[in-house]
1. In this structure, is Lys18 under 22 Å from Gln137 (Cβ atoms), of a type in the set (Lys, Arg) and more than 19 Å from the chain's Cα centre (by Cα)?
2. From the residues in the range 102-142 that are in contact with a strand residue (DSSP E or B) (Cβ under 7 Å, 6 or more places away or on another chain) and more than 23 Å from Leu89 (Cβ to Cβ), which one is surrounded by the most Cβ atoms within 10 Å (Cβ to Cβ)?
3. Part of a loop (DSSP other than H, G, I, E, B) and among the acidic types (Asp, Glu): which single residue out of Glu62, Glu16, Glu54, Glu31 fits that description?
4. Considering each residue of the range 1-13, count those that are open to solvent by 80 Å² or more (accessible area, probe 1.4 Å), aliphatic (A, V, I, L, M) and part of a helix (DSSP H, G or I), and give that number.
5. Out of everything in the range 65-101 that is in a loop (DSSP other than H, G, I, E, B) and of a type in the set (Asp, Glu), what residue ends up being least open to solvent (accessible area, probe 1.4 Å)?
6. Got a number for residues in the range 66-81 being closer than 22 Å to Tyr141 by Cβ, out of contact with any Phe, Trp or Tyr (no Cβ under 9 Å at 6 or more places or on another chain) and either touching a residue at least 24 places away in the same chain (Cβ under 8 Å) or among the basic types (Lys, Arg) (or both)?
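The values are calculated or read from the model by the stated rules, or taken from the named source; none is laboratory data. Since this is a predicted model, take the numbers as computed values, not measurements. Cβ placement follows ideal geometry from the backbone for every residue including glycine, while neighbour counts extend to all protein chains displayed. These area figures cover heavy atoms from the full protein model, side chains too; ligands, DNA and RNA do not enter into them. Shrake-Rupley method; radii C 1.70, N 1.55, O 1.52, S 1.80 Å.
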Amino acid sequence: MDERLKEAFYKVYEGEAKAALRLKVFSKKAEEEGLPQIAKLFRVIAFSEEIHGERALRMLREIKDTESNLKESFQSETHIAGVAYEKFLEIAENLGDQMASTILSQSRDVEDGHAKLYKYAINHLIGERETTYYVCQICGYVSDGILPERCPICSASKEEFFEFG
């Protein structure tokens, strides 16, 4: 693929991924404000943006076999937790921004947990067992098979967890 086209598809993927997330957050806000039809509109457009992003990934040939996808995801999470968040956290701490420091350190710790889940899946082929995941809706921590009483990252109660069965 021509490098200019490759760059274009990467920008499409990046932009659509950001748009999809932003619209999902906007949808939650509309729900909170009692505007269910606006929330639905945001969700449906987010879904459409995800289709655009997926098509760009396919053009970039970024979707491979599951084992390769797991390995790539593990490497990405390890890099994000170990390098990117550390830099971001250092900036927040140097500025004395406690809220930013807390959010960034929690996100770093959650990313490290994601890497561990990927590593486990790579080593044990997780497809061979069924599990339920619990996701903390405050910080994003993922628990494999056990609903914790409190989130080990942000101390949220078990009522703050969403079950993925």
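1. For Lys18, the condition - under 22 Å from Gln137 (Cβ atoms), of a type in the set (Lys, Arg) and more than 19 Å from the chain's Cα centre (by Cα) - is not met.
2. Tyr134
3. Glu62
4. Going through the range 1-13 one residue at a time, the tally reaches 1.
5. Only one residue tops the list, namely Asp97.
6. Total meeting the criteria: 2.
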